[in-house]
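Some notes on the structure that comes next.
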Amino acid sequence: MPKYRIEYKRNECIGAGPCAAVDPTHFDIDPSDGKANLKGGKQEGEVWVLEIDASTKDLALQAADVCPVAIISIKEIKD
Ligand code: SF4
């Protein structure tokens, strides 16, 4: 099964919120600053990353699609 990686530039989030509405598995809104959190993600520099498998990839793609500032991307992890 291929693995995927969500990459999320939290510092550019404008807090619009649709990512968490369509993909509550991976995103929720932080009440402290109104920005989305990548649930279980790790920070690498200015990007938050989370490895996922194919079973939740479509959800993550929906989050990427609805983000108005296009700061969520999904990449396939090559072996
Ligand atoms: S949709 Fe994009 S801008 Fe809106 S809360 Fe989610 S990551 Fe932030």
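The values are calculated or read from the model by the stated rules, or taken from the named source; none is laboratory data. These figures come from a predicted structure and were not determined experimentally. Methodologically, a virtual Cβ is constructed for each residue, glycine included, from the backbone with ideal geometry; neighbour enumeration extends over all protein chains shown. Just so you know, the surface numbers come from the protein's heavy atoms only, side chains and all, with ligands and any DNA or RNA stripped out. Shrake-Rupley method; radii C 1.70, N 1.55, O 1.52, S 1.80 Å.
The residues of the range 26-74 expose on average 56 square angstrom of accessible surface per residue, using a 1.4 Å probe on protein heavy atoms. Taking the 1.4 Å solvent-accessible surface of the range 3-77 as the whole, the part contributed by carbon and sulfur is 50%. Rounded to whole numbers, the Karplus 3J(HN,Hα) couplings from phi for the range 12-26 are 9, 5, 9, x, 5, x, x, 4, 5, 6, 8, 9, x, 5, 10 Hz, using 6.51 cos²θ - 1.76 cosθ + 1.60 with θ = phi - 60°, and x at Gly and Pro. Against the chain, whose longest principal axis comes from its Cα atoms, helix 57-66 is set at around 40 degrees.
With each run of n ≥ 4 DSSP H residues scored as -39500 (n - 2.57), what mean residue ellipticity at 222 nm is computed for the chain after dividing by its residue count and rounding to the nearest 500 deg cm²/dmol? For the chain, the value works out to -5000 deg cm²/dmol.
Its residue count N sets the reference 2.2 N^0.38 Å, and the alpha-carbon radius of gyration of the range 3-77 equals 0.96 times that reference. With a Cα cut-off of under 15 Å and a minimum spacing of 8 residues unless on different chains, the lysine pairs in the chain number 9. Potential lengthening of the chain between Ala16 and Asp58 amounts to 13.1 nm, from the contour at 0.36 nm per residue minus the alpha-carbon distance. Judged by the gyration tensor of its Cα atoms, with axes a ≥ b ≥ c, the range 36-79 is oblate; a/c meets the 1.5 cut and b/c is at least as large as a/b.
On the beta carbon distance between Lys3 and Lys39, with R0 = 25 Å, the FRET formula returns roughly 0.90.
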